[in-house]
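> Sharing a structure below in structure tokens format, with a few things to ask.
The values are calculated or read from the model by the stated rules, or taken from the named source; none is laboratory data. Only a predicted model underlies this, so the values are computations on that prediction, with no experimental measurement involved. We place every Cβ from the backbone using ideal geometry, glycine too, and count neighbours over all the protein chains shown. The area values use the complete protein model at the heavy-atom level, side chains included, leaving out ligands, DNA and RNA. Shrake-Rupley method; radii C 1.70, N 1.55, O 1.52, S 1.80 Å.
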Amino acid sequence: MLRRVTPVLLTLLVVVLGVAALAARPAGEAPRRTADFVVLAGVAGLRWDDVDPQTTPTLWRMAQEGSIGSLSVRSAHRPTCPVDGWLTLGAGNFAAWNGSRGTGACPPVGVTVEQPDGIGANLPDQEGVVQHNQRRLSWGAVPGSLSESVRCSVAVGPGAAVAAARPFGRVDRYAAVLPDDPAPLLGSCVLSIVDLGTVSGEDPAARAAQARRADADLARVLAARPPRSLVLVAGVSDTDLPSRLHVAVADGPGWERGWLTSPTTGREGYLQLVDLAPTALAALGRPMPERLFLGRPAVSVDGRPGDLPSALAAPADADRESAAQQRVAGWFFALLAGAQVLLALVVLPLLRRARRHAGPVGPAPVPRRVVAAVELLLVAAALAVPAALLADVVPWWRGEHAGWWFATVTALLVVGGTAAVRFAPGHASTLGPLGAVAGLAALVVAADVLTGARLQLNGVVGYSALQGGRFAGLGTIGLGVFIAGSLLCAGWLAQRVRRQWRPMVVVAVGGLAVVVVGSPYLGADSIGAIALTAGVSVAAAISTGGWLTVSRLAWATMAGLALTIGYAVIDLRRPATERGSLGRFLAALGDGTGGLTVHRSSSANFETLVNSPLTVLALAGALLVWFALLQPWGGLMRLFGIYPAMRAAMAGTAVAAGIGGALSGSALDVAGAAGALVVPMAALAALRVLDHSTDRTQPVDGGPANGRPAGSGRAPDRGDLDAAAGRNGDPAAKRPADAPAGDDGDGDPARRAPGRDARASTEVTTA
């Protein structure tokens, strides 16, 4: 009875740990009114590289006194062209101007601005733009939501008119250019939006000239600003490819000498374009149109260096890193996918010939040097993603040839990690390399998460601030690697203890991993925590033996649902501005806008499935496992029979990676990252199990050293022989008298393959 109840109780413990981890959130301050007027000044394309004391003295002084940050200008289109950026600013949501878009640089879009009365203006295309965003795009943006939230607003310049136009096209106050004396205009409404021009191109002299003109206009705005006003300067869009991070500066009461940050990023010094509209309303003390805004009010936090050049070095460096990441990530994953596919083709003939013939005559075995070299390549392939993550410790992006620097650093780390695994204690055992690689991978990801996930932000195998999806915590690829590493570690440790203790070991390691993934202070990934809970439940249920049945999968699903429900109940009780992704989704279901979230998730899954190189990794790994490793000659079934805890770990990894990818909108990316670690290690372990499949004990006085025939290769793993004899580390007296050879003590033989090979694989004879 206790044996049946134990996995249930342990799974409930994982659920409780997960709920506790997800429920504990950092205390956030409620936005408070800090100004009577807000001036939003935008410069399309302005980057921190354009800011210096000589070219932009006004902006330099403003940054010195105010708060600064890196602005991600994501909109509903990529790249975010100027008209899309201005429209997103006024919508507080990811929006885009309707019309044809090419794949190159931003096309010129003429915005028609009519001035029938000489006071305000009218945008005749606005209603069509609103309908385009509502019907054709999946974000539910309503252009003009910011202006609709205040009694009156001012726009200066055509870009500002796009941001300030109400949904029906009316701009309350409008001036095509900044007046000689802008004070009366800026003081006529509580909200003013000013278009300071564009900084474009890559020619330093041309960019400096454009930035100098924008800075001169900014000086006139600051001289005419109303009393108790907040001035926000933002590089509201890209102007060229590739996308970049842009300038964000806030100057006003309560915004002195800090880092700008937002709940949508959770990272000091980062905010999004959609955050500017709610920031303006929060500063004015106006209520938020929650259903329309995706952004959240930005705040100023302490910790910025007092020396401005040192402070500006951080956002400028982040911009360079994010730009280099875009160039390098694509070819890295393409090369990784190609290398693993080629390695799979090399492993196939080795699997066919790994099991030595039991009789006196048979095919010649593969030379040991070849097998050892392939094993090292498998270890290197499994360590490629963790090494690429760790490569961000070195600022490779600052070099002239960033891609080559990244490749060099990653290759050195792969070589170092492979050498560490090769010379680690226990390498000669069947599961030795698997346990070492899994431990290294989990350790690298966990160390990064525990220290603020700095390696994942803008890292090649992390997430990009330019994409605007995640700025802190555990990313998609990191989640896949951590799921695989932690569960394989749990299985490896569980295999080393008595059978009745294995579920407890799996739950102990898996429960700790759930906390790391789900805690808002660490991984901050509620979807990943839910998926990992299901995987841990599966692994704990079958760690003592047996297979992944429908009932066990249903139990794991219920555990994930229990965690989801528990977290949802807690999350919905929080204020709307403090809810996580799950709470926001459930609230959207309640007010009838949840369909947009479902549509966005399905669209993201399809786009990722089609475009991501990790899809190739996931599919190639699945094909290798199904058509090779799981075949009678492939060795994986034999491995599962001898080591049931490893079977449990791999089954749990598959369940967690599948659920995590589907729910997070990342399709097979989580599975691909997990497979890049699991599949090479499964192939290596299968090769070693097949190599032991015909081991025989020999008379001490009749055979060579180790009691094996001459030239037979590696000494048999003690765990293989114990499991083959039915002991599996337990006293022999506990093995049932009628258990067949190869039984693991729980009635689960080592997957008896047809014919004599299955019996030979676990038979131990004496002369």
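> Which of the residues that make up segment 424-446 are at pLDDT 95 or above and over 18 Å from ALA674 (Cα atoms)?
Result: no residue meets the conditions.
> Let me ask something additional. Just to check your reading of the model, which residue among GLY469, GLY439, GLY478, GLY452 is surrounded by 24 or more Cβ atoms within 10 Å (Cβ to Cβ) and either farther than 18 Å from VAL414 by Cα or in contact with a Gly (Cβ under 9 Å, 6 or more places away or on another chain) (or both)?
That would be GLY478, the only listed residue that is surrounded by 24 or more Cβ atoms within 10 Å (Cβ to Cβ) and either farther than 18 Å from VAL414 by Cα or in contact with a Gly (Cβ under 9 Å, 6 or more places away or on another chain) (or both).
> While we're looking at this one, here's another question. Just checking, which of PRO263, PRO242, PRO287 is more than 24 Å from the chain's Cα centre (by Cα) and either of a type in the set (Lys, Arg) or surrounded by fewer than 23 Cβ atoms within 10 Å (Cβ to Cβ) (or both)?
Every option except PRO287 fails the conditions.
> So, in segment 37-56, exactly how many residues are buried (at least 16 other Cβ atoms within 10 Å of the Cβ) and more than 22 Å from GLY159 (Cα to Cα)?
Total meeting the criteria: 2.
> Just to verify a result, which residue in segment 381-401, among those that are open to solvent by 20 Å² or more (accessible area, probe 1.4 Å) and touching a residue at least 24 places away in the same chain (Cβ under 8 Å), is farthest from HIS427 (Cα to Cα)?
Taking segment 381-401 first, the residues open to solvent by 20 Å² or more (accessible area, probe 1.4 Å) are 390, 393-395, 397-401.
Remaining after also requiring touching a residue at least 24 places away in the same chain (Cβ under 8 Å): 390, 393, 395, 397-398.
Details: LEU390: 23, VAL393: 28, PRO395: 33, TRP397: 36, ARG398: 38 Å.
Applying the filter and picking the extreme gives ARG398.
> Being open to solvent by 90 Å² or more (accessible area, probe 1.4 Å), modelled with pLDDT under 90 and either closer than 15 Å to LEU677 by Cα or part of a loop (DSSP other than H, G, I, E, B) (or both) is the filter here, so list the residues in segment 327-380 that pass it.
Of everything in segment 327-380, those that are open to solvent by 90 Å² or more (accessible area, probe 1.4 Å), modelled with pLDDT under 90 and either closer than 15 Å to LEU677 by Cα or part of a loop (DSSP other than H, G, I, E, B) (or both) turn out to be HIS357, PRO360, VAL361, PRO363.
> With respect to LEU466, is the statement that it is more than 13 Å from the chain's Cα centre (by Cα) and modelled with pLDDT under 90 true?
yes
> Tell me, which helices (runs of 4 or more DSSP H) wholly within segment 565-667 include 2 or more residues that are at pLDDT 85 or above and out of contact with any Pro (no Cβ under 7 Å at 6 or more places or on another chain)? Outline the logic, then answer.
Working: elements: 581-591, 594-611, 613-624, 636-642, 644-664.
Where helices (runs of 4 or more DSSP H) fall fully within segment 565-667 and carry at least 2 residues being at pLDDT 85 or above and out of contact with any Pro (no Cβ under 7 Å at 6 or more places or on another chain), they are 613-624, 636-642, 644-664.
> Would it be correct to say that SER310 is touching a Leu at 6+ places or on another chain (Cβ under 7 Å), under 30 Å from ASP49 (Cα atoms) and among the hydroxyl-bearing types (Ser, Thr, Tyr)?
no
> Just checking, does segment 91-98 include any residue being modelled with pLDDT of 90 or more, assigned to a helix (DSSP H, G or I), surrounded by fewer than 24 Cβ atoms within 10 Å (Cβ to Cβ) and not basic (Lys, Arg)? I'd like the intermediate steps shown before the answer.
Here is the first cut: in segment 91-98, the residues modelled with pLDDT of 90 or more are 91-96.
Checking the rest, the ones that are also assigned to a helix (DSSP H, G or I) come to 91.
Imposing the further condition that a residue be surrounded by fewer than 24 Cβ atoms within 10 Å (Cβ to Cβ) reduces the set to none.
Within segment 91-98 (the criterion being modelled with pLDDT of 90 or more, assigned to a helix (DSSP H, G or I), surrounded by fewer than 24 Cβ atoms within 10 Å (Cβ to Cβ) and not basic (Lys, Arg)), the answer is no, since none of the residues qualifies.
> Confirm whether VAL111 is of a type in the set (Val, Ile, Thr), in a loop (DSSP other than H, G, I, E, B) and at pLDDT below 90. Working first, answer last.
Working: of a type in the set (Val, Ile, Thr): yes; in a loop (DSSP other than H, G, I, E, B): yes; at pLDDT below 90: yes.
Considered against the rule, which asks whether it is of a type in the set (Val, Ile, Thr), in a loop (DSSP other than H, G, I, E, B) and at pLDDT below 90, VAL111 comes out as yes.
> Here are LEU639, LEU663, LEU630: which of them is open to solvent by 10 Å² or more (accessible area, probe 1.4 Å) and within 17 Å of ALA354 (Cα to Cα)?
Selected residue: LEU630, the only one of LEU639, LEU663, LEU630 that is open to solvent by 10 Å² or more (accessible area, probe 1.4 Å) and within 17 Å of ALA354 (Cα to Cα).
Each row is one residue, and each column tells you yes or no for (1) in a loop (DSSP other than H, G, I, E, B); (2) at pLDDT 85 or above.
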position	(1), (2)
ARG502	no, yes
VAL507	no, yes
LEU512	no, yes
VAL517	no, yes
ALA541	no, no
LEU548	yes, no
ARG552	no, no
